[in-house]
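Worksheet: the structure to be examined is printed underneath.
The values are calculated or read from the model by the stated rules, or taken from the named source; none is laboratory data. It should be emphasised that the depicted structure is a prediction, and the values quoted were computed from it without experimental measurement. Virtual Cβ from ideal backbone geometry, glycine too; neighbours counted across all protein chains shown. Side chains included, ligands, DNA and RNA excluded: accessible areas come from the protein's heavy atoms. Shrake-Rupley method; radii C 1.70, N 1.55, O 1.52, S 1.80 Å.
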Amino acid sequence: MPQRVLIAGTSPLLAGRLAARCLAAADGAAGTEVVLLSVVRSRPGAPAPGREELAGLVAESGSGAEGPDGLDARRLTVVCAEPDGVDAELKTWPAEQVWCVVPGWDRSQARGARADAALAGSLLAALPGLGARRYVQVGQDPAPDDGRAQRSCRDLERMAVEACLDAGVSWRMLRTAPVVDARAPALGECPPGAHRLLWALDSVRAEVADRVPDWFERQPLRVAGVAGLGLPLLTAERAAGELWRAGAPGDLPDGFSSVPRPAPVPLTDVLARAGAVHGIDVRPVPDRAAFNAVDRLLDLRLTDVRRQAVRLCGTDEDTDSDTDTTATATAEAPLPPPADGTAPSKGAPSLSPAGQWELFGAVRAARASPDAAPGTDGGLRRRVVDVAGRPLVLFEGGTGEGPPLLVLNALGQGPGFLTRLCAHLAPHHRVVTWQVRGTEREDPAWGTRHQLDDIDAVLEAVGAERAHLLGWCTGAKIATAFQQHRPEAVASLVFLNATFRQNDRWDGMDTKYESDLAAVCRALDRRPQKAAWMLDLLAPGAAGGSGSPGARDAGVLGVLSRALADEVRRPFRDAEVLVRYARQLMDLWRLDSAAQAPRVAVPTLFVCSEFDGISSPARAREAARCFPHARYAELAVAGHYAPHDRPVLVAELITEFVRAPREVADLVRYAEITWHIDTEGTAR
């Protein structure tokens, strides 16, 4: 008799592979219908796949299963739902068998655990209404030393077993280690282990190449803390096959089982092969004493990889990956004998070296640069509106619900600094930015008060009564002033590499660049005729490499991105523009933001950088203490132009902050971010 199988998951990769297995099963000929419910919240760097991508994955996974055309697509229904829309979807799809695929593979462990628990809770609550007779939950098989993941896994399984017992539904609790698959990047997934390692190498390579393209032709990339560790390289196809055999047969008793982990490949071998695929000479070293900034950045991004690795035993770290090496961690219980009588694999070797080369190359080819942005304009539309009798150039993009994000650029700057960031924000929000006025030759004098009038005009032009304000550099002080000017119009504040420089306050915290700039501006305010002589005194393209006093040198990461070479010169391109710029800054530095900050009642996020040699991170931290509801995040081994250099990470911080301002520090907690928050939720 035809039946329906509902496969719902937060991992589209694994859920899609399981859907293909279900369609290809022996009882498929009887007309089994499969509903694949993908519950993934799209975010910067990890877009949720659509129905076409998921249907393509299922078809590819089942290629050849039913003749030349593969699986019968008529028996597959793909549904993509937001987390808050799951309950409504479940009312539409009753099913005899329900699979809940929640392996906990979100890059943010807290966010992943929350999403997995929410989906499992919705499915379990709906079991009686669905008419389900069997429930199968696929969770993670945590690394031995990952206590937080172990607790999350146990809690989720306990909740599922209790709900199934109450509903009188048979159950199976399955676990799997993280998988590797060439389709993962296209699906917006980056499972722990090998995929995080490949992402770390690719993201570091892209960030360095954006500054010095041939850097890695001359320099190695050093790693430490990897000796004696290994990664089990489990393909998604193999994991799906083992999971299907362990959970699909209806005559299996209730119980637990885990997919056997393949023999771990020494982490040094994986790094060497992955590095070669990316054109990088990766060299293991005994300690971090000689690390430069690039080495540090990779080390931070490998933190999660080391956590997922297992200790090699019985061999040294140089053992060839074809050998049958075993890890110290073993599965809790073996897989049950499959219904077809074949034996499940046990302790099979991991991917061969040739297989690793092929897979790593395919993953790199499938992944666009993590910080790439489409087009030179970030995908924003340009239009001109009339404000105070003069043209104001707007750039707009995105169609997100809720208040738009108004991006306040720094004084004297063009839109090029923020196009990458806006491109990664636009798929999730409505984004609006504009050409800041006051430095062009045809502009009249345009002080802080006029900038506030421009924000009023932008709100009216885009038809919004309320907005989130994002201020980069000097834009932070203007955003604060606007919140005081019209408190009801501001939903939240985000300050990116903010400067809160103020005359006679927070003295001694200037970066060298700020000190030099202040001296030039004071001189030009008194003697503008000297502007031509002073044009060469400032070289903003070389700034941003030293950071706070006592910080380590940024090295190549302190070099300006080639894409910004012309942008940084805008305020310094001629004497007249420089005078206008200097007077705008002098006017801004008179603004008492410290007095305004305690009255800011909306959530506020500071995102600053360790190596910001233009805007003082130390002063930004002091300013953050004045805001009652502030969060302060500092990006390690990053400079003043972090919104351009690391747009995916900065966009993720902004997106999660807008969604859940009180929880952002838990939802975006990575090794390269240091959060400064006291017990009252205020930046410290």
Next on the checklist: Starting from the 7 Å offset along Cα-to-Cβ, what nm value, one decimal, do you get for the label separation of Ser352 and Ala110?
Outcome noted: 4.6
Item to check | Beta bridges by DSSP in the chain, antiparallel share as percent, to the nearest 5 | outcome: 30
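Please work out the FRET efficiency for the pair Ala445 and Arg383, using the Cβ-Cβ distance as r and a Förster radius of 25 Å; give the result to the nearest 0.05.
Working: r = 25 Å, r/R0 = 1.02.
For Ala445 and Arg383, the calculated efficiency is 0.45.
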Next on the checklist: Testing the spin-label approximation: label points 7 Å from Cα along Cα→Cβ at Arg625 and Ala565. State their distance in nm.
Outcome noted: 4.3
Item to check | Accessible area in the full protein assembly, largest first, 1.4 Å probe, for Ser258, Ser61 | outcome: Ser61, Ser258
Item to check | Rounded to 10°, Cα long-axis angle of helix 194-209 versus longest principal axis of the chain | outcome: 20
Next on the checklist: Taking the Cα centroid of segment 559-584 and of segment 35-62, what is the distance between the two, rounded to the nearest whole Å?
Outcome noted: 44
Checklist entry - Calculated FRET efficiency, Lys91 and Met159, Cβ-Cβ r, R0 22 Å, to nearest 0.05? => result 0.55
Checklist outcome for this item: Counting sequence-distant residues (5 or more places) and residues on other chains, those with an amide H built under 5 Å from that of Leu234 are Val180
Checklist outcome for this item: Reported to the nearest 10 Å², Tyr581 has, with a 1.4 Å probe, an accessible area equal to 20
Checklist entry - With each run of n ≥ 4 DSSP H residues scored as -39500 (n - 2.57), what mean residue ellipticity at 222 nm is computed for the chain after dividing by its residue count and rounding to the nearest 500 deg cm²/dmol? => result -10500 deg cm²/dmol
Item to check | Between 0 and 90°, nearest 10: helix 575-589 axis offset from the chain longest Cα axis | outcome: 80
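Take the Cβ-Cβ distance between Asp507 and Ala206 as r, set R0 to 45 Å, and report the resulting FRET efficiency rounded to the nearest 0.05.
Numbers: r = 39 Å, r/R0 = 0.86.
For Asp507 and Ala206, the calculated efficiency is 0.70.
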Checklist entry - With charges only on Cβ, +1 for K and R and -1 for D and E, what is the dipole size of the chain about its Cα centre, in debye, rounded to 20? => result 1380
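Please give the contour-minus-distance gain from Asp84 to Asp553: 0.36 nm per residue of separation, less the Cα-Cα distance, rounded to one decimal in nm.
164.3 nm
Based on the mean of other Cβ atoms within 10 Å per residue, sort peptides 658-668, 34-44, 277-287 so the most packed one is first. Don't skip to the answer; put the middle values down first.
Working: 658-668: 18.1, 34-44: 23.9, 277-287: 15.7.
My ranking of the peptides, most packed first, is 34-44, 658-668, 277-287.
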Checklist entry - Once you put a point 7 Å from the Cα of Asp592 and another 7 Å from the Cα of Arg527, both along the Cβ direction, what distance in nm separates them? => result 3.3
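Among Leu493, Leu535, what's the order by accessible area (1.4 angstrom probe), most exposed first?
Leu535, Leu493
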